[in-house]
1. Looking at Trp145, Trp160 in this structure, which one is in a helix (DSSP H, G or I) and either surrounded by 14 or more Cβ atoms within 10 Å (Cβ to Cβ) or free of Cβ contacts under 8 Å to residues at least 24 places away in the same chain (or both)?
2. Taking into account only those residues within the range 68-118 that are touching a residue at least 12 places away in the same chain (Cβ under 8 Å) and charged (D, E, K, R), which is farthest from Leu242 (Cα to Cα)?
3. Filter the range 98-133 down to the residues that are more than 21 Å from Val168 (Cα to Cα), open to solvent by 70 Å² or more (accessible area, probe 1.4 Å) and part of a helix (DSSP H, G or I) and list them by number.
4. I need a count of the residues in the range 225-248 that are surrounded by 13 or more Cβ atoms within 10 Å (Cβ to Cβ) and hydroxyl-bearing (Ser, Thr, Tyr).
5. Whether any residue in the range 48-67 is over 23 Å from Ile239 (Cα atoms), aliphatic (A, V, I, L, M) and open to solvent by 50 Å² or more (accessible area, probe 1.4 Å) is what I want to check.
6. In the range 249-279, which residues are more than 21 Å from the chain's Cα centre (by Cα) and open to solvent by 20 Å² or more (accessible area, probe 1.4 Å)?
7. Out of Lys180, Lys222, which single residue is free of Cβ contacts under 8 Å to residues at least 60 places away in the same chain, within 28 Å of Gln122 (Cα to Cα) and open to solvent by 20 Å² or more (accessible area, probe 1.4 Å)?
8. Name the one entry in Lys8, Lys45 that is modelled with pLDDT under 85, more than 27 Å from Thr264 (Cβ to Cβ) and not aliphatic (A, V, I, L, M).
Amino acid sequence: MKRKTWKKRYAGLLPAAPALAGFAVFYFVPFLIMVWYSLSFGMGKRTFVGLANFRELFENEMFLLAVRNTCRFLAVGVSVILVLSFLLAWLLSRLVRGEHTFKMIYLYPMVVPIASVVLIVQFLWGDTGIANRVLELMGKESADWLHSSRTFWVLCILYWWKFTGYHVLIFFARLQMLPKEYFESARLDGAGTGKILRYVTLPLMAPVFLFNLLLAVMNAFKCYREAFLLGGNYPHDSIYLLQHFMNNSFESLNYQKISTASVTLMAGILLLVLAGGLLYILTRRGKHGRTKQRKA
């Protein structure tokens, strides 16, 4: 009996063995090597230096600038795209006609090549672009959109334009799956559109918000391509991201710096995941506790 139970419990290991082996060889083992690089120094025979590389990294002004810009871009870009995409999905779910047309429009930015998008950006916000022409017609001085602090907002606009439609369709699919009985019951109780949205729709959409949050963060890191095409390896300080720092360190063959920055980034992501998981567990326990009190 125990043998049969053991077979059932570990029956999936054999089919998953190739994938697990590939993960170990190409991801886990290189990560361990990277951790060793972050704690050592030298070429060939390396010397253990402890946290000296991390101390040096956090004293590096370019790294601190990259961290600030990346956190700022994530905070602004991700929060706006989640709110905007949900509102657009909610409005789309209330349309009577034109639903399929809007779906196609939302997906179109994802198939446009990045190089073409950057050319359009140059056409709109370049030195002789439309934005500066409009400012000149209004009697104002032309602005340096792509080599000043305004570049950050240009990058945010590109991020919102490209990925908003993707999140809209995910929110829309979930909105279509919500039970209609909840909304009908709320209307019978006299709830208006605002209250239904706040007390019925948003709580039911919480898991999808979390899923879209993860996707939005992943897509935000992909915006390095746009930032690179806008400013190259050393763009304006407002869009100098962690990817710039790592790419420049790789070109200079500074493996200690790359490894230390990668381990730091991985540790930060793990801390955020653990904090989110802990918050989720505490929230679930609080809900179960309130439910038991009501039943009692």
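The values are calculated or read from the model by the stated rules, or taken from the named source; none is laboratory data. Everything numeric here is computed off the predicted structure, so don't read it as measured data. All Cβ positions, even for glycine, are placed from backbone atoms using ideal geometry, and neighbour counts span all protein chains on display. Protein only, heavy atoms only, side chains kept; ligands, DNA and RNA dropped before computing areas. Shrake-Rupley method; radii C 1.70, N 1.55, O 1.52, S 1.80 Å.
1. Trp160
2. Looking at the filtered set, the residue picked out is Lys103.
3. Result: Leu119, Ile120, Gln122, Phe123, Ile130, Arg133.
4. The qualifying residues number 2.
5. Within the range 48-67, one or more residues are over 23 Å from Ile239 (Cα atoms), aliphatic (A, V, I, L, M) and open to solvent by 50 Å² or more (accessible area, probe 1.4 Å).
6. Selection gives Phe250, Glu251, Ser252, Leu253, Asn254, Tyr255, Gln256, Lys257, Ile258.
7. The unique qualifying residue is Lys222.
8. Lys8
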